[in-house]
Amino acid sequence: IKLRNMHVVVVLAGEVVLTREITRQLQGADLVIAADGGADRLGKNDYLPDVLVGDLDSVSQGMRNKLISRAVEVQRFPTDKDATDGELAIVEAVKRGATSITVLGSRGGPRADHELANLLLLADPRLKGIDVQLLTDTTIIRAIGPGQHMLDVEPGCTISIVPISSIVRGVSVSGVCWPLTNSDLNLGSTLSVSNRAIDKKITVDISSGTALIYRDFHSINKTGH
């Protein structure tokens, strides 16, 4: 039995710039889940969530009243909890059967620790088998593990691979200005930061470990490595 694809957009409390791609994601979503103050980020762009999740310590009272008047589902958690509102929202997307998740508002908020935690959530084992990306107005970020990964890109865009496990072994990258062949990337290494695509597809092979791959689609014609 083939299960229906379900795309969920999760909106966190960081900056959300309503680009063409972000608009496409919101309009094409089967479900939009806001994590606490993410509801206000949506409201500023004339959208409302289908579900609000969190301890509700940052969403405005005006937005809460609007959501109540629209009978939007609200899942309130205690302030003292074992997960961020962002994690709770992403887990809720998984529980509802998401096959793909786009996370907005993961960067640019008042909490630098939350920004890092949002990035590391991409490697959460509960997301295995689900296509998850963090999307900003300039960048797409995904977690990649062992295997071959073929990515559609814009020639000239910046590509960065950042290890988030202690070592990422056997990294090969083709379709870029500075290819890698069977390289090992230690945690903290910047060897594979700020590469540049030269083809419409790039291929990344990894033998073991986990990394984040960044695609900066507003960096065409910029140089640097």
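The values are calculated or read from the model by the stated rules, or taken from the named source; none is laboratory data. As the structure is a computational prediction, the values presented were derived from the model and not from experiment. Glycine also receives a Cβ, built like all others from the backbone with ideal geometry; neighbour counts cover every protein chain displayed.
Among the residues of the range 51-60, not a single one is closer than 23 Å to ASP137 by Cα and surrounded by fewer than 14 Cβ atoms within 10 Å (Cβ to Cβ). Take VAL168 and decide whether it is β-branched (Val, Ile, Thr), out of contact with any Lys or Arg (no Cβ under 7 Å at 6 or more places or on another chain), assigned to a strand (DSSP E or B) and outside the structural domain of VAL193 (by TED's automatic domain parsing). So VAL168 fails the test. Restricting SER192, SER160 to those that are crowded, with 16+ Cβ neighbours inside 10 Å and assigned to a loop (DSSP other than H, G, I, E, B) reduces the list to SER192. I'm trying to understand the selection: among the residues of the range 174-189, which are touching a residue at least 12 places away in the same chain (Cβ under 8 Å) and farther than 13 Å from VAL153 by Cα? Within the range 174-189, CYS177, TRP178, LEU180, ASN182, SER183, ASP184, LEU185, ASN186, LEU187, GLY188, SER189 qualify.
Every residue, every condition in (1) aliphatic (A, V, I, L, M); (2) touching a residue at least 24 places away in the same chain (Cβ under 8 Å); (3) crowded, with 18+ Cβ neighbours inside 10 Å, yes or no:
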| residue | (1), (2), (3) |
| --- | --- |
| ALA112 | yes, no, no |
| ARG126 | no, yes, no |
| GLY129 | no, no, no |
| LEU134 | yes, yes, yes |
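Every condition in (1) under 15 Å from the mean Cα position of the chain (by Cα); (2) part of a helix (DSSP H, G or I) is met by ILE101 except one, and the failing one is (2).
With a requirement of 2 or more residues that are touching a His at 6+ places or on another chain (Cβ under 9 Å), the helices (runs of 4 or more DSSP H) lying completely within the range 1-92 that satisfy it span 20-28. Among the criteria (1) more than 16 Å from the chain's Cα centre (by Cα); (2) of a type in the set (S, T, N, Q); (3) modelled with pLDDT under 95; (4) under 30 Å from ASP199 (Cα atoms), the one SER106 does not fulfil is (1). Just one of (1) under 15 Å from THR210 (Cβ atoms); (2) surrounded by 15 or more Cβ atoms within 10 Å (Cβ to Cβ) trips up ILE140, so point out which. Checking ILE140 against (1) under 15 Å from THR210 (Cβ atoms); (2) surrounded by 15 or more Cβ atoms within 10 Å (Cβ to Cβ), the one that fails is (1).
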